[in-house]
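What follows is a set of notes on a single structure, which appears directly below.
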Amino acid sequence: MIGKILKTMRRKNNLSQEQIGKLIGYARNTVSQYETETLQPDFATIEKIANECGYEILFYNKELNETLTTKNINRKEI
C-alpha cells in the first residue's frame, strides 16, 4: 500500500525515481524497491519523500476529532 502512495506522490510532482532519490539521498533502485514494496521504507524515509513532494503526514483521531503531524507534536509529548 505505501509503495502505491509513494509512487503517486512522486508522479504527481513529475519526478523520476532518480530525481526523488537524489533529493532524499537514495539510489534510484532503492526508490523502485520502495514503490514495488520489495523493500519497506522506515517512517523517516516516507516523511522525506512526502515533504519533497509537498505532502504532510497526518494522523487523525476520529474519536477526539484531533489531527497530529510530526510538526505539531511537542517534544515533551514524545
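Below, the figures for the structure above:
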quantity	calculated
Around I49: net Lys/Arg minus Asp/Glu count, Cβ-Cβ under 15 Å	+1
Surface share of carbon and sulfur [accessible, 1.4 angstrom probe, percent] for the chain	49 percent
18 Å Cα-Cα reach of K48 towards lysines, excluding residues that sit fewer than 8 places from it in its own chain	K4, K7, K12, K22, K71
Test item: Cα-centred dipole of the chain, Lys/Arg +1 and Asp/Glu -1 on Cβ, debye	240 debye
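The values are calculated or read from the model by the stated rules, or taken from the named source; none is laboratory data. What you see is a predicted model; the values in this text were computed from it and never measured. Note: ideal-geometry Cβ built from the backbone for every residue, glycine included; neighbour counts use all protein chains shown. Quick note on the areas: whole protein, heavy atoms, side chains included, nothing else; ligands and nucleic acids left out. Shrake-Rupley method; radii C 1.70, N 1.55, O 1.52, S 1.80 Å.
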